1. Give the residues of region 1-16 that are assigned to a loop (DSSP other than H, G, I, E, B) and touching a strand residue (DSSP E or B) at 6+ places or on another chain (Cβ under 6 Å), sorted by residue number.
2. Mind checking which pairs have a first residue in region 74-98 that is touching a residue at least 60 places away in the same chain (Cβ under 8 Å) and more than 16 Å from residue 122 (Cα to Cα) and a second that is among the β-branched types (Val, Ile, Thr) and outside any helix (DSSP H, G or I), Cβ under 8 Å, 6 or more apart or different chains?
3. Output the residues belonging to region 49-86 that are farther than 18 Å from residue 17 by Cβ and β-branched (Val, Ile, Thr).
4. Since residue 144 meets every condition but one in (1) within 26 Å of residue 46 (Cβ to Cβ); (2) modelled with pLDDT under 95; (3) not acidic (Asp, Glu), which condition does it not meet?
5. Residues being at pLDDT below 90 and in contact with a Pro (Cβ under 7 Å, 6 or more places away or on another chain): count how many of those fall in region 1-16.
6. Restricting attention to region 77-105, report how many residues are more than 15 Å from residue 119 (Cβ to Cβ), not polar (S, T, N, Q) and not in a loop (DSSP other than H, G, I, E, B).
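The values are calculated or read from the model by the stated rules, or taken from the named source; none is laboratory data. All values derive from a computational prediction rather than experimental measurement. Here Cβ is always computed from backbone atoms with ideal geometry, including for glycine, and neighbour counts include all displayed protein chains.
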Amino acid sequence: MNAFSYVESPIGRLLLTSDGTALTGLYMETSRKTRVTDGGVEDASVAPLTEAARQLSEYFAGARRDFDLPLRLHGTEFQTRVWRELTEIPYGKTWSYGELAKRLDNPGASRAVGLANGRNPISILVPCHRVIGADGSLTGYGGGVERKRWLLAHEGGRGWSGLDQGQSDGEDRAAAVRPIRGDGAAAVKFGDQPHNVQAQAEMRFVVTTRPLLK
């Protein structure tokens with residue numbers, strides 16, 4: 001059963017999607033009205049949406065650093081490798097795109113890693129916001145650079161100065177963690193998959209351990 005629900009957060013309204021067994025999406029609002037189609041029903045009681053909302057609330061309150069949720073991500077073999085590796089970035093730390101590519105034994109693939117990072121369907125839980133430029137700049141982010149800055153400041157990320165090319169030295173961490181308002185959304189269509197889908201990653205977050213493929 002494809003279902004979705006919404007969660008209010010300091011970085012705006014979040015859209016969660018489920019296939020009835022695992023979380024399949026966590027989307028941040030952008031500039032357009034949220035659209036969920038192809039048979040999805042709004043029902044927060046469908047597993048694991050209620051538990052996901054609870055754990056996200058704890059995360060935003062600063063009471064949780066790890067998630068324990070079943071995740072199902074659809075993508076190419078390379079994308080799923082990147083997404084699995086993203087879950088290895090510890091809370092409070094950042095990696096560069098180049099470092100992520102090296103960990104995939106493909107040091108020349110920084111650009112491809114960035115593209116896969118941008119296609120991550122489950123933000124925050126699969127922490128693509130923890131990947132930054134080699135010079136410490138935030139670069140891009142599907143949810144917007146301000147949300148990326150907020151998440152890193154919230155986690156107290158080491159390896160990130162707290163400043164980006166668009167920030168002055170006078171902007172401090174307190175300013176970075178102000179709530180962000182959003183009134184747009186990401187368009188989600190159940191059943192849509194990225195082009196050339198070759199793999200499906202099923203993960204479960206277990207506190208302090210590596211998410212496992214099922």
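1. The one that is assigned to a loop (DSSP other than H, G, I, E, B) and touching a strand residue (DSSP E or B) at 6+ places or on another chain (Cβ under 6 Å): 13.
2. Within 8 Å, the pairs are 94/131; 94/132; 95/89; 95/131; 95/132.
3. The answer is 76, 82.
4. Status for residue 144: all satisfied but (1).
5. 0
6. So the count comes out to 7.
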